[in-house]
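Notes follow the structure.
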Amino acid sequence: MFSQLLNALAHAILVFTIVVFPELAAPSGPATDAFAVLLLATVAAVFVLLEYSGPAASFLEFRNAPPFNRLRFGAAALVTIAASLLIAAPASAPPIATQYLYPVAQASAALFDWPYSPPRLFLNWLSASGLGELTGQLYLAVALAYAISLATAALFFALVRLFGWPARLGAFNLWLNLPTFDPTTGEDVVQRLQSTARLNLILGISLPFLMPMAAQMAAGLVLPSGTWGPQSLIWGITFWSIMPLCLLMRAIALGRVAQMIQTKRARSHAGAGVLHAA
């Protein structure tokens, strides 16, 4: 129990640190803004502390099936830190960070340097909406964020296909790892998992293209006027790149769980057939 509480506290501290990192890299100025960031970080940390300290998660999926949430958090942390160093504090970034950060960011920018790539669509939306000034640093940050998202999704897919996640972790408890999913209602659980996985896959692939278009159509309704500051750009890039990643990973995970249930059913039916024949 004590070790679980320490583990939950460590998770909460990491989340708190990542949320306040853009403010540390580029102070927003007014004390009210800093207080809002501190309040948001505290709320996020308390949520994570409660989710990981209890015997079972109430909202967080695949809590007991690492490294699902570790990969998602790691990708979000990398995007947030990289965007902060590239956009908010390029001059004050540690030399060891820029030594490795800039070559990877430049390679990512070259990789997505085609007219309708998701990073270019995102940058075009920022420019057309007047929310951000197109700079080389901004393009590097957006391209690197998308590259991190794709690389994380590919890594998780490899863990599933090559290393058998989550079967190699031991028994997989559907109830504990999918607290918001009720397998007793509606259609067959495998069909529900597969249909939900397909929906998440379609959204995960489409959102990097659709989010800038939808935001531009709603520019006059919900978006604030004026140019975004460094922190707004950092969190905009993070949300744009990590939300599709979460959907892609969830699609892969749900598809894998459906496959495991199908395999278990096939073995049960085969065993029942052998007993019946005997």
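Details
- Test result for ALA65, out of contact with any strand residue (DSSP E or B) (no Cβ under 7 Å at 6 or more places or on another chain), outside any helix (DSSP H, G or I), small (Gly, Ala, Ser) and in contact (Cβ under 8 Å) with a residue 24 or more places away in the chain: yes
- Selection within the range 59-79 - of a type outside the set (A, V, I, L, M), surrounded by 20 or more Cβ atoms within 10 Å (Cβ to Cβ) and closer than 26 Å to ALA143 by Cβ: PHE68, ASN69
- The range 165-177, residues that are assigned to a loop (DSSP other than H, G, I, E, B) and over 22 Å from the mean Cα position of the chain (by Cα): GLY170, ALA171, PHE172, ASN173
- In the set ALA56, ALA82, ALA10, only one residue is surrounded by 16 or more Cβ atoms within 10 Å (Cβ to Cβ), small (Gly, Ala, Ser) and either in contact with a helix residue (DSSP H, G or I) (Cβ under 9 Å, 6 or more places away or on another chain) or not in a loop (DSSP other than H, G, I, E, B) (or both); that residue is ALA82.
- Of everything in the range 25-40 that is outside any loop (DSSP other than H, G, I, E, B) and out of contact with any Ser or Thr (no Cβ under 8 Å at 6 or more places or on another chain), the residue that is farthest from PRO230 (Cα to Cα) is LEU39.
- Given (1) within 16 Å of PHE239 (Cβ to Cβ); (2) modelled with pLDDT of 90 or more, index of the condition ALA151 fails: (1)
- Screening ALA83, ALA34 for residues that are under 30 Å from LEU101 (Cα atoms) and not assigned by TED's automatic domain parsing to the domain that holds GLY229 leaves exactly one candidate, ALA34.
- Verdict on PRO22 being in contact with a Phe, Trp or Tyr (Cβ under 9 Å, 6 or more places away or on another chain), over 22 Å from LEU140 (Cβ atoms) and touching a residue at least 60 places away in the same chain (Cβ under 8 Å): no
- Here the range 178-218 is the region considered, the condition is being part of a helix (DSSP H, G or I) and at pLDDT below 85, and the residue that is surrounded by the fewest Cβ atoms within 10 Å (Cβ to Cβ) is MET217.
- Residue list for the range 43-62, restricted to those being without any contact (Cβ under 8 Å) to a residue 60 or more places away in the chain and within 13 Å of LEU176 (Cα to Cα): GLU51, TYR52, GLY54, PRO55
The values are calculated or read from the model by the stated rules, or taken from the named source; none is laboratory data. Owing to the predicted nature of the structure, the values given are computational and were not obtained by experimental measurement. FYI the Cβ positions are ideal-geometry reconstructions off the backbone, even for glycines, and counts take in every protein chain you see.
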